[in-house]
Amino acid sequence: MSIRALWVVSHEKGESGKVRFSRRFPTVELRAKSLAGTQYVAIPEDCVIPKLLLTELGLVDADKPYVEVRGDCARHHRSLAVELRLDGPGGRTLWPLLTVTQGALILACLPLVEAPPEPRPPLPSLASVSQGLALLSGLQDFLCGPGGKPEPDVLASRLAALPSVLLQVCPLGRPLDTPLPAGSVPAAVAPSPGGAQKQPAWKAVVHQGRAVVSVALTEKVRSMQYGKSSQQDIWDVYGVLPNVTITLTLPHNGSPLQDILVHPCVTSLNASILTTCSVDENDGSAFSGPYKFPFSPPLELFRLCSYTSQVPVPPILGSYQLKAEENHLKVNVVLKLHESVKNSFEYCEAHIPFFNQNLMGSVEVKVSSGQLEVSKEKNWFGSLKFPKSREATLEGTVHFFSGTVAGPTDPLCTGLTAYIKLYFRVPDLTLSGCCVDQHSVQVYSSAKPRIVTTRELVSSEYYIWNSTGDAPVSSGLMML
Amino acid sequence: MTIADLWDQRISAFLLSPSQFLATTTTESFLAELLHELRNDKANDQLKILLVSVLLGHPTILCPSASVGEETALELLSVFSHTPQKSILLKCNVMLAITNVIICTSCLATHTKTAEDWLDLLFQTIQDTNDYRCGLSQQPIRAAACDCLREMETCSPGLLSQKLEALYLLKQQETTVLHQSYCLLYTLGLKNAIRILTNQKDVTDLEFKSILGGNEGFAWKSNQLELTSLPINMLVQVPRLTQGLDCKELKSIMSSLLEESYLLTPISQSALLRELVEVVAMVPGLSPTLFKSQLLRLFGTADVSLMHATLFMKDTFTDSLFTAEDENFLLKRLVGTAQHPLLRIPEKLFYMECILHFPENRPISSSGEESLPVLVTPRLAASLHPTVFNDSTTMLCRLNLLCLVHLEADEGEADKGIGFLFDHILALLKIVDNDGSREVVVTSFRALFIFLMHFNGMEELSEKLIDKLCDMYSRHSRLAPNLIGLADRIQEHLDDPVWSVKLLRELQKCIMEMPPLQLTIHNLSWHLKVLKRVAKEGQITQRNTIYLLLNVLINSNLCERGNWQVGNAVLAVCRNLLEHPSIDQVFIELADLLQYISIQYDDTDIKDHARFYYTLLTNLSWEKLTGVLAQKLDGGRAKERSHSAIMAESEGIASNLTVHKTNRHVLQLIKVQEKATQSSSESVEATGEVRNWLEVYQGQFQTPGFGSEVTLRYNLTHAKETDLLFDKVFTICLHFELKDSNYAMVSDIHVPCVFRDGKPPEVKVKLKPFQPYPTSLCVSAMFTTQDGRSWHSRLPDVSVSFPEIFLPLPLPPNSSCECKEQVFEHIWEATASGNPDKSAISLFCFKPEDESLADLIKTHFQGYLITDQQSERSWKVLFFLPPKCHILLKITQAEDAARVSIATDNWELLPFVNSYLQNITDNCSSTVTDG
């Protein structure tokens, strides 16, 4: 249950990779050597790691169309672990290397294979693999922070802090914990002196100051709407509840929460909470709450539970029709807001992009409500407002320059294959109807903490496809 | 630049490539510098942590032997004890470094005193729970001590097996966050102790009890486990204790560990659970139902390592812990998590792997191969259907899984499912057709490969695919290498090559039918690549290919342009055609084509080759022809290989042109034992002129390069164990790399050949010192073997010792003894009076046994003697060291000791002189030195 080495490699476009941080664990290496015997493959020096890694991830020789080491169709690139070929094809290999890529940063670690080297054992039989994965995810959060893209100097300072972080979370190659995401620890803390009861290891410090329990419920809704009877529209909802006993309640005859995953700090679970699963058929008799989660919270923000839900209708139903006429396109868009959704959007935008066309010329479009904005890069969108009637329309024609100045390209959207993408946020609403009542939050503590609960609905990958063109199939769910 | 910056640079250079960094210095000196700086009170903690990091990551490079390791550990220990208490971070780092050094240099395995002391110190540290004395700030030290002990127990299993009671109490007492460290340490010790006990036959209750109540010393010599003991899921048979032991106490310990397990961080929890699972599996008296209370919590976890530990439990206990209902439920959870929108991609990929290796209660096969659990039905897996919106790895992973699902499914359901997968493949190809990016192309071809591997038997679909691919090729001929690759791989992986042949045949047809305009120069090279591959298939008739080539050459200006690459590509097709089994049918056409090229093509090389092919075709039978053309990768004479390989681009040419690497030592350099050069005592008498010999001597140095080289002679021989392949090697080029900067670059040396049983050739290595210090050289050799391949191999390093750089006093030949003595006396006087300023004198005494002094002088100083007054028992010796250093010795024998007065014009050489003298006098005496 150890890892042999860890690397952070940066890879800027057009440059060769660079090792930004690396750490080897020699005692683990000693074990690796003894376990593999004659088949032991030593880890090469850091100076050659980036090239090997980038080759394996297909990121080298961007200018060449086909390179066999990169493009061989029989290479197993359907696994989370890659192998580094130290002497080219057919030579010694270092396996299994786990990698996580975020932007220009690649995090990689080499778990110890506690198994006979031949034949290669399956990944799930190796304990180090999941531990390596958990460590990498933790390091990713630590290095990249919530925004995902830190400034170069912020990244440099976080990289500089890595040795002391590793001292805590993985001192001798054995992962013990994951680092806290950057900037997530509240300021007023002190080390805990311990008492009669054991302190959880994931709460190393105690909070000084007024206790606050804030429960935020975020639901995201995904949708693919095709506007055709042959292709079934798809939408699903998933939610996060990031922060004592919390009870989630659903409205009367709401559809049950599914695929519930909970944070390890939850102390006990009722079996019925876990029974509903999206891959099952719904028989209507499923448990529908209330969902109780007793837990002892860490001090940082955390995701208490995630779930998915099936709601009968998407919040916004749209239709998009595009017709080609000579050198212009006729656009017709109708968006209907479902009656169960409060018309209190913080924002709602519909982006209508055109790909693989010439640059856009004049746009003659009428919007029933809201304001039309046109973007130069051939994306144009209307900031929408749903009027009382809960229906917004957009109609008109778009002309394109006849020149050769090409706009943005996309391999999917050719011909009349086109989409509208919706971005919106509705505060104080969830589609599943799931909510946390402020008074149901029980805190077993002498100090009375302040309890704040919020909820919101946010769009995520919300597409409405043009019904007059071919839309790409997006899910096997329609097989059902 | 500050010292810290300097170190920063040096250490990053070291970490980037230790071997390159150490080439400019030596390991010993770098280690000495590191340790020196660590002892420096003025250096701040941050710098010291940086310095320790080197030892933390690379202890085996810096401490190549156990003795150096032990010394280094002692040094670090003294650094540790002198570090003030507030420097917590530094102290922790030093602790880890000491542990690394002790374990990796086998101090632990060989049970040295240092390892023992360190272990004691660590144990004292974890027992000293009185944090209040220094405040909570000392907690990290204890945590680090626990980690170190845990690592030592892992690398020497059983070490803590007699300390379990003490560890248990410590674990119970601790209520701060450190309880996690104690808990993990205790559990590991417990597991290893029980594992050791399973090796023993007939364990009694008392022995079993004594494990839990052990409070003795460290078990250095108990029958320890191998370092390589595997986790139980890797063992064919799980080691088990004897039945019927009283497990009450162990059971209550296990329950309390499990009850508190949720207090651990998820990763540590998963480690704990795995250890406990192993314990329960080994002790028949413990029931797996112990874990029942934890299961529900584990099923719902969002943490990947905890879920993984749950699957490990499932694998180990199967139906003794998991009912059929539990199994079904767990699998459903897995499928759900494999596509949960709120998990990260690597985690989802991992869960998909877990589905393919799901530990079923009743597995149909247990081969470790990917296989689908019987409970995964198309309906269950529907949500894992690949889509074009997935990232490429997820998409391929899902496709592979779904292929397996539909392969197993009932007929009606399967057809529908396969249809959906096929639609998905078509959707991917459509993206490729729309000028998808390089990554999309590669991913789509991988998807095609996976699909064909499973469903190549379904003719209708696979034929549709061929149509689609040819259709795409007609628009995007740049896909040629991908298509060829696909055809090759499918042929390799399936016993039945029909699909590949069909694809190639259709591609040939597709090229034939292209309008001539589309055969433009750029696309032509793609088409020729495809045709070349097509020509390899015996089942495909090649007449059309030849017509096309002839047609293109006649009806275009290609021949006039005489582009070598195009010509060579055409010839590559012809070469494969020559080997085609049904060549008889197209004999005349091919002959026409070759002749046409040999006359019309405006490039001499292409003409020659075409003519050569033509001659082969018209004069040899097919059997002989293929014999000549066949590529023999191994063996065969060099000539043959290069002939057939160079005729067209092929694997062979690549292997001929690349330099192969071997990690073994093929050759080595052995020092030629020089016979001591005779001192020219019978030199000519002085010529009468009285000259100032010193001036003459010093005048010589005006000539550039005078006396600046040392020539060392070696025999180049085979290393002991080498392959037969290397018995005769030719055109050897020896390349020397210096490990330091005290010498000038050594030029390469060329040797014509070395045969294993022949006389070894002599090699003269000319060294040009800047500073005449001992050194060692990295030597590598490039050579050719008999089969014509080139090789690169390293030779064992050549070390140049101090006396090897000695030269006799460089005076013109035939100089008399007097003049030598004159020079000697002049230099002696000058150095004794401190001129030049680097001069120094020293004294070395030793006690020779009878007569041994004369022998010593004869064996070691013969060539360097200036005067030899044996009767007076006094000698003068001068060593000249390039570029211009002198070591002068006056040796006299007094009553009971021999005195060696040393004078030199470079005091930096004194330590080397000293150790040299010590070395040569060691056999004959005890020595006394005096500065």
Within the stretch B:827-842, is even one residue of a type in the set (Lys, Arg), buried (at least 16 other Cβ atoms within 10 Å of the Cβ), under 27 Å from B:Glu695 (Cα atoms) and not assigned by the TED database to the domain that holds B:Thr711?
no
If the requirement is being out of contact with any strand residue (DSSP E or B) (no Cβ under 6 Å at 6 or more places or on another chain) and acidic (Asp, Glu), which of these qualifies: A:Asp46, A:Asp72?
A:Asp72
Out of B:Ser776, B:Ser801, I need the residue that is under 21 Å from B:Gln668 (Cα atoms), out of contact with any Pro (no Cβ under 6 Å at 6 or more places or on another chain) and not basic (Lys, Arg). Which one?
B:Ser776
If you scan the stretch A:371-387, which residues turn out to be outside any strand (DSSP E or B) and at pLDDT 75 or above?
A:Phe386, A:Pro387
How about the stretch B:341-356: which of its residues are surrounded by fewer than 19 Cβ atoms within 10 Å (Cβ to Cβ) and at the interface with another protein chain (Cβ under 7 Å from one of its Cβ atoms)?
B:Pro341, B:Leu342, B:Arg344
Failed item in (1) among the hydroxyl-bearing types (Ser, Thr, Tyr); (2) part of a strand (DSSP E or B); (3) surrounded by fewer than 21 Cβ atoms within 10 Å (Cβ to Cβ), with A:Ser340 passing the rest:
(2)
If I filter the stretch B:235-259 down to residues being assigned to a loop (DSSP other than H, G, I, E, B) and among the charged types (D, E, K, R), which single residue comes out as farthest from the chain's Cα centre (by Cα)?
B:Asp246
Would you check if there is a residue in the stretch B:101-124 being surrounded by fewer than 24 Cβ atoms within 10 Å (Cβ to Cβ), facing chain A (nearest Cβ under 9 Å) and more than 25 Å from A:Phe25 (Cβ to Cβ)?
no
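Residue-wise test of (1) under 21 Å from A:Thr417 (Cα atoms); (2) within 11 Å of chain A (Cβ to nearest Cβ).
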| position | (1), (2) |
| --- | --- |
| B:Cys397 | no, yes |
| B:Leu402 | no, yes |
| B:Lys416 | no, yes |
| B:Ile431 | yes, yes |
| B:Thr443 | no, yes |
| B:Ile450 | no, yes |
| B:Asn456 | no, no |
| B:Ser474 | no, no |
| B:Asn482 | no, yes |
Of the residues in the stretch B:861-894, those that are at pLDDT below 85 and of a type in the set (D, E, K, R) come to B:Asp868, B:Glu872, B:Arg873, B:Lys884
Does A:Val331 fit the bill of being touching a strand residue (DSSP E or B) at 6+ places or on another chain (Cβ under 8 Å) and crowded, with 20+ Cβ neighbours inside 10 Å?
yes
Out of B:Leu38, B:Leu55, B:Leu34, B:Leu51, I need the residue that is more than 20 Å from A:Arg23 (Cα to Cα), at pLDDT 90 or above and in contact with a Leu (Cβ under 9 Å, 6 or more places away or on another chain). Which one?
B:Leu38
Since A:Pro26 meets every condition but one in (1) touching a strand residue (DSSP E or B) at 6+ places or on another chain (Cβ under 7 Å); (2) surrounded by 20 or more Cβ atoms within 10 Å (Cβ to Cβ); (3) under 23 Å from B:Pro64 (Cβ atoms); (4) of a type outside the set (S, T, N, Q), which condition does it not meet?
(1)
Matching residues, the stretch B:312-350, being farther than 23 Å from B:Arg379 by Cα and in a helix (DSSP H, G or I)
B:Phe312, B:Met313, B:Lys314, B:Asp315, B:Thr316, B:Phe317, B:Thr318, B:Asp319, B:Ser320, B:Pro346
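Residues B:Arg150, B:Arg142: which one is assigned by the TED database to the domain that holds B:Ile253, under 34 Å from the mean Cα position of the chain (by Cα) and modelled with pLDDT of 90 or more?
B:Arg150
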Hey, among A:Val100, A:Val129, which residue is within 21 Å of B:Leu356 (Cβ to Cβ), facing chain B (nearest Cβ under 10 Å) and within 21 Å of the chain's Cα centre (by Cα)?
A:Val129
Check on B:Gly285, buried (at least 23 other Cβ atoms within 10 Å of the Cβ) and either modelled with pLDDT under 90 or away from chain A (no Cβ under 14 Å) (or both):
no
For the stretch B:787-823, enumerate the residues that are surrounded by 16 or more Cβ atoms within 10 Å (Cβ to Cβ) and either more than 54 Å from the chain's Cα centre (by Cα) or among the charged types (D, E, K, R) (or both).
B:Asp787, B:Arg789, B:Arg794, B:Ser815, B:Ser816, B:Cys817, B:Cys819, B:Lys820, B:Gln822, B:Val823
How many of the residues in the stretch A:12-27 are at the interface with chain B (Cβ under 10 Å from one of its Cβ atoms), under 16 Å from A:Leu52 (Cα atoms) and among the polar types (S, T, N, Q)?
1
Do we find a residue being more than 30 Å from the chain's Cα centre (by Cα), surrounded by fewer than 17 Cβ atoms within 10 Å (Cβ to Cβ) and part of a helix (DSSP H, G or I) anywhere in the stretch B:53-72?
no
Within the stretch B:303-310, is even one residue part of a helix (DSSP H, G or I), under 21 Å from A:Leu135 (Cα atoms), in contact with a helix residue (DSSP H, G or I) (Cβ under 7 Å, 6 or more places away or on another chain) and more than 10 Å from every other protein chain (Cβ to nearest Cβ)?
yes
For the stretch B:799-903, please list each of the strands (runs of 3 or more DSSP E) lying entirely inside it that holds at least 3 residues being closer than 18 Å to B:Gln918 by Cα.
B:840-846, B:874-881, B:885-893
So B:Asn192, is it farther than 21 Å from A:Pro171 by Cα, surrounded by fewer than 17 Cβ atoms within 10 Å (Cβ to Cβ) and out of contact with any strand residue (DSSP E or B) (no Cβ under 7 Å at 6 or more places or on another chain):
no
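The values are calculated or read from the model by the stated rules, or taken from the named source; none is laboratory data. Not measured: the values here are computed from a predicted model. Every residue, glycine among them, receives a Cβ derived from its backbone with ideal geometry; neighbour counts consider all protein chains shown.
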